[in-house]
């Protein structure tokens, strides 16, 4: 998978705004990711949180308890910076520093690694995060973005 640029990721994030996002939306989005992962035998864990509450959580075969820690750290990164965890990785790489060096955050609680994407409600801002862990970070990120695009397109097929 090709490495996206920071501009690519920020442009993509700007296109992923929802009119609203509630527990039902979290469930539909989570089920889409879960079904795709099951179909493709992806060893991932999925978490969708809104306003600090986990609304969807699933761990597929091949995932491990370690994925829960990665998801927690990615979620923390998304909710603190209101950008995808991949964008934060690319920002830090461009500056030649770690997330800790740049922002003074703990490596135990934050990570600059793709797979966490903010849930943005138009006119409101970031209300939560969709997080996947288990694949290479760009693939984690891409899976989340594909799911969000599916939902924004009106949930076709």
Taking only region 38-50 into account, find how many residues are within 15 Å of the chain's Cα centre (by Cα) and not in a strand (DSSP E or B). 1
Pairs only if they're at least six apart or on different chains, beta carbon under 8 angstrom, first in region 61-80 and under 16 Å from residue 51 (Cα atoms), second in a helix (DSSP H, G or I); list them, first residue then second. 74/85; 77/85; 77/88; 77/99; 78/85
On the given criteria, is residue 140 modelled with pLDDT of 95 or more and closer than 22 Å to residue 12 by Cα? yes
Among the residues of region 1-30, which ones are under 18 Å from residue 140 (Cβ atoms), part of a helix (DSSP H, G or I) and over 15 Å from the mean Cα position of the chain (by Cα)? 6, 8
Consider only pairs whose beta carbons are under 7 Å apart and that are at least six residues apart or on different chains; among these, list those whose first residue lies in region 1-19 and is in contact (Cβ under 8 Å) with a residue 40 or more places away in the chain and whose second residue is surrounded by 11 or more Cβ atoms within 10 Å (Cβ to Cβ) and assigned to a loop (DSSP other than H, G, I, E, B). 9/84; 13/83; 13/84
Hey, does region 120-127 have a residue that's closer than 23 Å to residue 67 by Cβ, crowded, with 19+ Cβ neighbours inside 10 Å and in contact with a helix residue (DSSP H, G or I) (Cβ under 9 Å, 6 or more places away or on another chain)? no
Being more than 20 Å from residue 133 (Cα to Cα) and in contact (Cβ under 8 Å) with a residue 24 or more places away in the chain is the filter; apply it to region 92-114 and report the residue that is farthest from the chain's Cα centre (by Cα). 94
Mind checking which residues of region 58-87 are more than 13 Å from residue 140 (Cβ to Cβ), within 13 Å of the chain's Cα centre (by Cα) and not in a helix (DSSP H, G or I)? 82, 83
Select from region 52-65 the residues that are under 26 Å from residue 126 (Cβ atoms) and modelled with pLDDT of 95 or more and list them in ascending order. 53, 54, 55, 56, 57, 58, 59, 63
Can you tell me which residue among 98, 133, 84, 113 is over 18 Å from residue 13 (Cβ atoms) and surrounded by 18 or more Cβ atoms within 10 Å (Cβ to Cβ)? 133
Is there a residue in region 128-143 that is on the phi > 0 side of the Ramachandran plot and assigned to a loop (DSSP other than H, G, I, E, B)? yes
Residue check, residue 90 in contact with a strand residue (DSSP E or B) (Cβ under 6 Å, 6 or more places away or on another chain) and part of a helix (DSSP H, G or I): no
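The values are calculated or read from the model by the stated rules, or taken from the named source; none is laboratory data. Predicted model, so just to flag it, every value in this text is computed and none were measured. Don't worry about glycine lacking a Cβ; one is built from the backbone with ideal geometry, like all the others, and counts go over all protein chains shown.
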